[in-house]
Amino acid sequence: MHEVGLLKGILATAEREAAGRQVALVRVRVGVVHRVTPEAMAMAFDGLRAGTALADARLEIDEVPIRSLCRTCGAVAEDVDPVLVCPTCGLADMVFAGGDELTLESIAYRDGAPPASATIDRPASSVASA
Ligand SMILES: [Zn+2]
């Protein structure tokens, strides 16, 4: 279960950030190339959080797709796999970005303090429609 390895570093960071505060919610951005399933992430989280500041925390996964950009017409497609042929103009002139993220997005604490990072820099999704 590679989810344990993926989560370990993120949870260590979260615990450092928490600095002793009880964490209510941890939100993690995971790119689709990591091929995680929510169930496996939840199981890994359950195993790792015991005895830490995250013991009572909830885990939220924000899955990040791969963005495929057509260099010819500028269409953008977001999917779990790179889109090799442009769905708009039909040419194979694509460049790819994202999908490999693995970051701690935000933490919410029990005492009602605001999240450590309130900004969510999700790319504006403009999925090309054929
Ligand atoms: Zn195109």
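Taking the conditions (1) assigned to a helix (DSSP H, G or I); (2) touching a Lys or Arg at 6+ places or on another chain (Cβ under 6 Å) in turn, G47 satisfies each one other than (2).
Out of A55, A18, A50, report the one residue that is within 20 Å of H2 (Cα to Cα) and over 15 Å from the mean Cα position of the chain (by Cα).
Values: A55 fails: within 20 Å of H2 (Cα to Cα); A18 fails: within 20 Å of H2 (Cα to Cα).
Residue meeting the stated conditions: A50.
Screening P114 with (1) modelled with pLDDT under 95; (2) over 14 Å from the mean Cα position of the chain (by Cα); (3) surrounded by 12 or more Cβ atoms within 10 Å (Cβ to Cβ); (4) not hydroxyl-bearing (S, T, Y) gives one miss only, at (3).
There is at least one residue in region 64-75 that is more than 16 Å from the ligand (Cβ to nearest atom), in contact with a Lys or Arg (Cβ under 9 Å, 6 or more places away or on another chain) and not in a loop (DSSP other than H, G, I, E, B).
Quick check, is D46 touching a helix residue (DSSP H, G or I) at 6+ places or on another chain (Cβ under 9 Å) and acidic (D, E)? Give the derivation first.
Working: touching a helix residue (DSSP H, G or I) at 6+ places or on another chain (Cβ under 9 Å): no; acidic (D, E): yes.
No.
Considering only residues that are aliphatic (A, V, I, L, M) and in a loop (DSSP other than H, G, I, E, B), look in region 76-113 and name the one that is nearest to the ligand (Cβ to nearest atom).
Let us first name the residues in region 76-113 that are aliphatic (A, V, I, L, M), namely 76-77, 80, 83-85, 91-92, 94-95, 97, 102, 104, 107-108, 113.
Subset that is in a loop (DSSP other than H, G, I, E, B): 80, 83-85, 91-92, 113.
Numbers: V80: 20, V83: 10, L84: 12, V85: 9, L91: 5, A92: 9, A113: 46 Å.
Only one residue fits best here, namely L91.
Filtering region 89-102 for residues that are of a type in the set (G, A, S) and over 17 Å from the mean Cα position of the chain (by Cα) leaves a non-empty set. Every test in (1) surrounded by 15 or more Cβ atoms within 10 Å (Cβ to Cβ); (2) without any contact (Cβ under 8 Å) to a residue 24 or more places away in the chain; (3) not hydroxyl-bearing (S, T, Y) is passed by V85 save one, and that test is (1).
The values are calculated or read from the model by the stated rules, or taken from the named source; none is laboratory data. Only a predicted model underlies this, so the values are computations on that prediction, with no experimental measurement involved. Backbone-built Cβ (ideal geometry, glycine too); neighbour counts: all protein chains shown.
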